[in-house]
1. Please specify each residue of the stretch 2-46 satisfying the condition of being under 23 Å from Asn73 (Cα atoms) and either among the basic types (Lys, Arg) or more than 16 Å from the chain's Cα centre (by Cα) (or both).
2. Can you work out which of the residues in the stretch 64-76 that are in contact (Cβ under 8 Å) with a residue 24 or more places away in the chain and either part of a helix (DSSP H, G or I) or of a type in the set (Ser, Thr, Tyr) (or both) is nearest to Val35 (Cα to Cα)?
3. Looking only at the stretch 15-45, count every residue that is free of Cβ contacts under 8 Å to residues at least 12 places away in the same chain and closer than 17 Å to Gly55 by Cα and tell me the total.
4. Would you pick out the residues in the stretch 46-72 that are surrounded by 15 or more Cβ atoms within 10 Å (Cβ to Cβ), of a type outside the set (S, T, N, Q) and more than 19 Å from Glu24 (Cα to Cα)?
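Just so it is clear, none of the values below were taken in a lab; they were calculated from the coordinates. For clarity, every value in this text was computed on a predicted model and none was experimentally measured. Using ideal geometry, Cβ is built from the backbone for each residue, glycine included, and neighbour counts are taken over all protein chains shown.
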Amino acid sequence: MTVTLDDVFVLLHLPIVGELLSNEALDFDVALQCVIDLLGVERSKASSELNHCRGPYVRLSWLRDVYTECCDNQQW
């Protein structure tokens, strides 16, 4: 059995309105700068990944590799 949004409304009297999630499409350059700033990777590495994914996306396996590399280098 699962709690639904209708159950939340009935039990907690919280109105459920609007969109659940609103995403704005990122421009390639904005996504590149976000990856560089937020993940601390080199520009060439970030650009290579975004080009591989053909857009403002990165793969989970790539993120895992970046995380592992940071842990190995003790870059918290």
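1. Those that are under 23 Å from Asn73 (Cα atoms) and either among the basic types (Lys, Arg) or more than 16 Å from the chain's Cα centre (by Cα) (or both): Glu42, Arg43, Ser44, Lys45.
2. If we take residues in the stretch 64-76 being in contact (Cβ under 8 Å) with a residue 24 or more places away in the chain and either part of a helix (DSSP H, G or I) or of a type in the set (Ser, Thr, Tyr) (or both), then Val66 is nearest to Val35 (Cα to Cα).
3. Here is the first cut: in the stretch 15-45, the residues free of Cβ contacts under 8 Å to residues at least 12 places away in the same chain are 15-24, 29, 33-34, 36-38, 42-45.
Then keep just the ones that are closer than 17 Å to Gly55 by Cα; that gives 23-24, 29, 33-34, 36, 43-45.
Qualifying residue count for the region: 9.
4. The first filter runs over the stretch 46-72 and keeps only residues surrounded by 15 or more Cβ atoms within 10 Å (Cβ to Cβ), leaving 46-47, 49-50, 56, 58, 62, 66.
Within this subset, residues satisfying the condition of being of a type outside the set (S, T, N, Q) are 46, 49-50, 56, 58, 62, 66.
Hits for the stretch 46-72 are Ala46, Glu49, Trp62, Val66.
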